[in-house]
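Structure first, commentary second.
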Amino acid sequence: MSYKVRFVNYPRQYQIYKKEFDSVWEEIMSGGDFILRQHLEDFEKRIADYIGVKHAIGVNTGTDALYLSAHALGFGHGDEIITVAHTFVATIGAIVQCGAIPVLIDIADDFNMDVDQIESVITTRTKGIIPVHLNGHACNMDKIMAISEKYNLKVIEDAAQALGAEYKGKRCASFGDTGIFSFYPAKMLGTAGDGGMVCTNDDMLARKLHAFRDNGRVESVEVIECFGWCTRLDNLHAAILNMKFNYFDQWIKRRREIATLYDKSLSGVGDIITPPRFDGDYFDVYQNYVIRSKKRNALVDHLRSSGVEVLISWPIPNHKQKALELHHYQLPVTEQASNEVVSLPIYPELTDNEVEIVIDAVKAFFK
Ligand SMILES: Cc1ncc(COP(=O)(O)O)c(C=O)c1O
């Protein structure tokens, strides 16, 4: 069906910045700079400076960024790694692909890891924690880092959805041993395909990650330092991301404006719960604007048939996915969220008029 308001609108962004997108393409194609070239180095440097870390290493996807982090930190057979089920499956997949065991805990009202549950699942086999900064909202990193120090655990921050988000003035992906981003098209900063990045302050880890992403090669193509993978962020993607990053601050501002419009108009409508607003410790970037309702399924049908495209992340929680064999977990808050959440359109190019259409459609359902 053709929607009045799209959940994402890539062609619109292309039309707005067409000249700049086209000149990136022209520059890369005419220079033949495809793999591990200057645009990638520049982009890595910009992200490292922006996040406030020493190293940013561009890889193929956020999924690979997680997996390479887990592997570089030595997660392996029999190790237990604590994370959440309310996340994109890749967070858990990275643990499993290393041979380690995912230990899933529940979420709190902000959809992030319930930090008060972490200590209750720590055993002698626990090796790490992967907090997920979901929807562009940071986890309580003071608590997570304090626990990791107390029990000597490694931390990978899954900041795939949280580029630009802050906790106590520090950006997500700058707290843990590593922090990762995804540049999937719909993300805060998305490329024209797949992309990802690992951030770290640790020189040894950075060297390992550089080697892992390029078949064991770091400084020379002749010397192989270890077996690795081929998972580099393409120079073309880095060039696109570099161009788009020039607008990033203004895009975050626009997302926050849209979130405020939704907050003002939707709180108190029907049984809707708008996303929690946080005190000054948190700077949210609204990768997603997620509302909750007990009538979620009917609301979603209504919105779609009114021409508003919405998304449910995620209707089946990961521990209820039969193939993943994680059904021994009982996570009531996660399960309830899966039944109640729906994400409304939110992206910088969304017009005020479209926001109004979404708001009116939601209100019409509860009339
Ligand atoms: C929380 C989270 N972690 C990891 C990923 C994986 O990123 P990618 O799609 O770039 O592999 C995503 C992307 O959807 C995500 O939302």
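The lone criterion from (1) at pLDDT 95 or above; (2) open to solvent by 50 Å² or more (accessible area, probe 1.4 Å); (3) in a loop (DSSP other than H, G, I, E, B); (4) farther than 23 Å from Val8 by Cα left unmet by Val269 is number (2). In the stretch 205-236, which residue that is open to solvent by 60 Å² or more (accessible area, probe 1.4 Å) and of a type in the set (A, V, I, L, M) is nearest to Arg46 (Cα to Cα)? The qualifying residue nearest to Arg46 (Cα to Cα) is Val221.
If you go through the stretch 53-105 and keep only what is part of a loop (DSSP other than H, G, I, E, B), open to solvent by less than 40 Å² (accessible area, probe 1.4 Å) and among the β-branched types (Val, Ile, Thr), you end up with Val53, Thr61, Thr87. Just so you know, in the stretch 156-204 the residues that are open to solvent by 40 Å² or more (accessible area, probe 1.4 Å) and within 19 Å of Asn235 (Cα to Cα) include one that is farthest from the ligand (Cβ to nearest atom), and it is Ala192. Would you confirm whether or not the stretch 22-30 contains a residue that is open to solvent by less than 40 Å² (accessible area, probe 1.4 Å), touching a helix residue (DSSP H, G or I) at 6+ places or on another chain (Cβ under 8 Å) and not small (Gly, Ala, Ser)? The answer is yes, given that some residue of the stretch 22-30 is open to solvent by less than 40 Å² (accessible area, probe 1.4 Å), touching a helix residue (DSSP H, G or I) at 6+ places or on another chain (Cβ under 8 Å) and not small (Gly, Ala, Ser). If the condition is being more than 22 Å from Gly164 (Cα to Cα) and open to solvent by 60 Å² or more (accessible area, probe 1.4 Å), then the stretch 31-52 contributes Phe34, Ile35, Leu36, Arg37, Gln38. Among the residues of the stretch 106-128, those identified as within 16 Å of the ligand (Cβ to nearest atom) and either loosely packed, with under 15 Cβ neighbours inside 10 Å or without any contact (Cβ under 8 Å) to a residue 60 or more places away in the chain (or both) are Asn112, Met113, Gly128.
Within the stretch 29-52, the set of residues being in contact with a Leu (Cβ under 7 Å, 6 or more places away or on another chain) and either part of a helix (DSSP H, G or I) or within 16 Å of the ligand (Cβ to nearest atom) (or both) comprises Leu40, Phe43.
The values are calculated or read from the model by the stated rules, or taken from the named source; none is laboratory data. The structure presented is a predicted model; accordingly, all values stated were derived computationally and were not measured. FYI the Cβ positions are ideal-geometry reconstructions off the backbone, even for glycines, and counts take in every protein chain you see. Quick note on the areas: whole protein, heavy atoms, side chains included, nothing else; ligands and nucleic acids left out. Shrake-Rupley method; radii C 1.70, N 1.55, O 1.52, S 1.80 Å.
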